[in-house]
1. When the helices in the chain are scored as -39500 (n - 2.57) per DSSP H run of 4 or longer and the sum is shared across all residues, what 222 nm value do you end up with, to the nearest 500 deg cm²/dmol?
2. What order, most packed first, do the peptides 296-304, 116-124, 45-53 have when packing is the mean number of other Cβ atoms within 10 Å of each residue?
3. Cα-Cα over 18 Å: which of 36/102; 442/479; 132/212; 222/292; 339/365; 132/222?
4. Among 473-479, 383-389, how do they line up from the highest to the lowest mean number of other beta-carbon atoms within 10 Å?
5. How many angstrom separate the Cα center of region 154-230 from the Cα center of region 387-409?
6. Hey, in the chain, which Cys have no second cysteine's beta-carbon closer than 4.7 Å?
7. Rank 169, 43, 305 by how far each Cα sits towards the positive end of the charge dipole of the chain (+1 on Lys, Arg Cβ; -1 on Asp, Glu Cβ) and give me just the farthest.
8. Among 397, 466, 361, whose Cα projects farthest towards the positive end of the dipole of the chain, with charges put on the beta-carbon of Lys, Arg (+1) and Asp, Glu (-1)?
Amino acid sequence: MKISLSHYFPFLFLMFILTVPYIKIASAICHVDDEKGLLGFKSGITQDPSGMLSKWKSGTDCCTWAGVTCLFNNRVTSMSLFGQLDKPNSFLSGTISPSLLKVLNLDGIYLQNLRNISGTFPDLLFGLPKLKYVYIDNNKLSGQIPVKIGRLTQLEALSLAGNRFTGTIPSSISELTQLTQLNLGKNLLTGQFPTGIKQLRNLTLLSLEQNKLSGTIPDIFKSFTNLRILTLSRNAFSGKIPESISSLAPRLMYLELGHNALTGKIPSFLGNFRALDTLDLSWNLFTGAVPKSLANLTKIFNLDLSHNVLTDPFPQMNVKGIESLDLSYNNFHLKEIPKWVTSSPIIYSLKLAKCGIKMSLDSWKPAETYFYDYIDLSDNEITGSPVDLLNRTDYLVEFKASGNKVRFDLEKLRIVKTLKQLDVSRNLVYGKVPTTITGLEKLNVSYNHLCGQLPKTKFPASSFVGNDCLCGSPLPLCKL
């Protein structure tokens, strides 16, 4: 019997409607190798208190798992797992399983701020031909960076910052010529700055900060035409700032060389860095006057020249607004807080300890006090009262003015909830110690003219000694 196709059309149409969604769902299921590889990674994790990987389950679509991205025929292309540093349970403990080799289409591995990922440099990275981006930051990887790191020639970004890598930086790193970002900061690396890094001409970011690197900073920077960020702070580099750094002037935004043993004068070519946002030369051995050319840094927001041997005069800066300034502990004699600081509407950190300031706080009228987090005016010859100033701040974290001649009633000082440190020792402070000091983390009101019984406190006697008539624990008991 011949049956017309039209007879079945309603049934076929219904089947089409029902099966299309099924076909769509089936095609969205990730590849079996990707699932195995990711579940193998999960098996290497021994602790996951925040449930970061709780939805990584066999038989479910791994393209929907947290931190997993699928592209190109539903193959997994990146794995991104981020810990939240402000949440104690937001971490992963364990090792990086070599089973990730099964995820052949990975072009990005982001394991950042997970804190407890341990083991050595993951060799599996050498078996992922499409890998371009590796960010394994703020974990506990250890051992040496492998000599064969140069084989990862397809990499465009490599960050191993905040781990425990030791040994020297392999010379083969010069073969990673596609890199735009190289961050090996905050490890335990030793040896010298590898001169082969000059081959990485595409770099926009280079960070070797907080290691144990030594020797001079090589004069290799002419090849970096796109560098925006250079951070070499907290090492043991010596010698002068190399002349070739001047070639970075058109684009460089962050130059951080603090906490080394650099010598000589601050080069005047730094005044050509018109795009500079942050300049940190603190805790070195720089001598002489600050070059007048620094007045050209009109876009500078963060300037730290503290703890050097710099001398007067300090240039009049032409900034519209400075956010953070630290000139402490040099041989400056500023006499007053500079007008370009006073007029800043966005400043949050001002540190001018031992800067030869001779002025009254009563006459200092900053344009903005609301944003102030940190103020350090220690070891100057400042008079007057800080009460009016500090009572207009809402987010102050730290105030230091020890070793001056400020005079005020401590009970009239409004101690905001955010305040953690207060040091007004060696001044002319009077009155009683208020109970509001109990919320502080650090306190020093020693060697003033305070009197009366102390509130219950966790602070040692050294916080209160040398006053006129303070009594009560941790000082001797009050007399009846």
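The values are calculated or read from the model by the stated rules, or taken from the named source; none is laboratory data. Bear in mind the structure is a predicted one, so any value in this text is a computation, not a measurement. Note that we place each Cβ from the backbone using ideal geometry, even for glycine, and neighbour counts take in every protein chain shown. The accessibility values were calculated without ligands, DNA or RNA, using every heavy atom of the protein model including side chains. Shrake-Rupley method; radii C 1.70, N 1.55, O 1.52, S 1.80 Å.
1. After summing the helix terms and dividing by residue count, I get -2500 deg cm²/dmol.
2. Ranked from most to least packed, the peptides come out as 296-304, 116-124, 45-53.
3. Exceeds cut-off: 442/479; 132/212; 222/292; 132/222.
4. 383-389, 473-479
5. Answer, in whole Å: 42.
6. Cys with no partner Cβ under 4.7 Å: 355.
7. Comparing the listed Cα positions along the dipole, 43 ranks first.
8. Checking the options against the dipole of the chain, the answer is 397.
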